[in-house]
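Let me begin by presenting the structure, written as structure tokens, before commenting on it.
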Amino acid sequence: MHRRAFVAAIATVAVAGCVDLTTGGSSDFEEGNIGMSAHSFLPEEYHTEVGETVTWYNSSSRAHTVTAFDNQIPDEAEFFATGDYDSTDEAVEAWHDHTGGRLDAGDTFSHTFEVPGSYRYYCIPHLYGGMIGTVIVDG
Ligand SMILES: [Cu+2]
């Protein structure tokens with residue numbers, strides 16, 4: 001009885017935080033590999049392999065961006081950002097100009113990773129809320 005009450009409480013917290021505790025932290029969404037809450041990527045760190053395509057899915061009700069830090073991806077890697085901009089600066093400028101690159105609720109964005117290494121990316125409007133993620137590509 002006590003255990004049931006505890007599990008129910010955890011389930012409530014999980015729903016409130018949009019975190020699915022049942023799948024162990026990767027591929028939580030049918031629509032994509034990495035989901036989003038109001039202010040974070042789910043999961044914040046995602047592992048994949050060279051040649052694999054990763055899909056982000058905006059599972060929240062807010063608009064977000066997926067924008068690589070161009071100085072925090074491997075040297076040989078292709079830059080990626082919603083809106084298909086060529087650099088972090090260009091993406092930031094477009095966001096401030098006309099919310100360029102916005103990923104609305106339910107939208108998806110995909111990128112294929114061809115170079116092994118660590119890729120840091122963020123959401124432009126929620127950077128100061130700590131909305132930063134990492135994709136680790138194993139060679
Ligand atoms: Cu965001």
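Which one of these is in contact with an Asp or Glu (Cβ under 8 Å, 6 or more places away or on another chain) and within 14 Å of the ligand (Cβ to nearest atom): I124, I132? Don't jump to the end; show me each part of the working.
Numbers: I124 fails: in contact with an Asp or Glu (Cβ under 8 Å, 6 or more places away or on another chain).
The unique qualifying residue is I132.
Mind checking which residues of the range 83-121 are of a type in the set (A, V, I, L, M) and within 11 Å of the ligand (Cβ to nearest atom)? Full working, then the answer.
So the first thing to find is which residues in the range 83-121 are of a type in the set (A, V, I, L, M), and the list is 91-92, 94, 103, 105, 115.
Once the filter is applied, which keeps residues that are of a type in the set (A, V, I, L, M) and within 11 Å of the ligand (Cβ to nearest atom), the range 83-121 yields only L103.
State the number of residues belonging to the range 34-50 that are among the aliphatic types (A, V, I, L, M), assigned to a loop (DSSP other than H, G, I, E, B) and within 13 Å of the ligand (Cβ to nearest atom). First the steps, then the outcome.
Filtering the range 34-50 for residues among the aliphatic types (A, V, I, L, M) gives 34, 36, 38, 42, 50.
Checking which are assigned to a loop (DSSP other than H, G, I, E, B) leaves us with 38, 50.
From what's left, within 13 Å of the ligand (Cβ to nearest atom): 38.
Total satisfying the criteria: 1.
What is the residue count in the range 79-100 for residues that are surrounded by 14 or more Cβ atoms within 10 Å (Cβ to Cβ), within 22 Å of T55 (Cβ to Cβ) and not aromatic (F, W, Y)?
Count: 8.
For a quick check of your reading of the model, give me the residue pairs whose first member lies in the range 60-77 and is of a type in the set (A, V, I, L, M, F, W, C), whose second is part of a loop (DSSP other than H, G, I, E, B) and more than 15 Å from the ligand (Cβ to nearest atom), with beta-carbon atoms closer than 6 Å and at least 6 apart or on different chains.
Matching pairs, first to second residue: A68/F79; A68/F80; A77/V115.
Can you tell me how many residues within the range 109-139 are over 16 Å from E78 (Cβ atoms) and either acidic (D, E) or surrounded by 15 or more Cβ atoms within 10 Å (Cβ to Cβ) (or both)?
Selection size over the range 109-139: 10.
Does the range 51-60 contain any residue that is small (G, A, S), within 11 Å of the ligand (Cβ to nearest atom), surrounded by 14 or more Cβ atoms within 10 Å (Cβ to Cβ) and more than 10 Å from the chain's Cα centre (by Cα)? Walk me through how you get there before you give the answer.
Let us first name the residues in the range 51-60 that are small (G, A, S), namely 51, 59-60.
So of that shortlist, the ones also within 11 Å of the ligand (Cβ to nearest atom) come out as 60.
This time we only want the ones that are surrounded by 14 or more Cβ atoms within 10 Å (Cβ to Cβ), so: 60.
In the following step, the residues that additionally are more than 10 Å from the chain's Cα centre (by Cα) were identified as 60.
Yes, the range 51-60 contains a residue that is small (G, A, S), within 11 Å of the ligand (Cβ to nearest atom), surrounded by 14 or more Cβ atoms within 10 Å (Cβ to Cβ) and more than 10 Å from the chain's Cα centre (by Cα).
Answer yes if at least one residue in the range 82-92 is within 17 Å of F29 (Cβ to Cβ), of a type outside the set (F, W, Y) and in contact with a Leu (Cβ under 7 Å, 6 or more places away or on another chain), and no otherwise. Outline the logic, then answer.
Within the range 82-92, the subset within 17 Å of F29 (Cβ to Cβ) is 82.
In the following step, the residues that additionally are of a type outside the set (F, W, Y) were identified as 82.
With in contact with a Leu (Cβ under 7 Å, 6 or more places away or on another chain) added as a condition, the list becomes 82.
Yes: the range 82-92 contains one or more residues that are within 17 Å of F29 (Cβ to Cβ), of a type outside the set (F, W, Y) and in contact with a Leu (Cβ under 7 Å, 6 or more places away or on another chain).
Considering only the range 16-32, I want to know if a residue exists there that is outside any strand (DSSP E or B), at pLDDT 95 or above and under 20 Å from H126 (Cα atoms). Working first, answer last.
Start the filter on the range 16-32 by keeping residues that are outside any strand (DSSP E or B), which leaves 16-28, 30-31.
Within this subset, residues satisfying the condition of being at pLDDT 95 or above are none.
Looking through the range 16-32, none of the residues is outside any strand (DSSP E or B), at pLDDT 95 or above and under 20 Å from H126 (Cα atoms).
The values are calculated or read from the model by the stated rules, or taken from the named source; none is laboratory data. In this text, all values refer to a predicted model and were calculated from it rather than measured experimentally. So basically every Cβ, Gly included, is an ideal-geometry build from the backbone, and we count neighbours across all protein chains shown.
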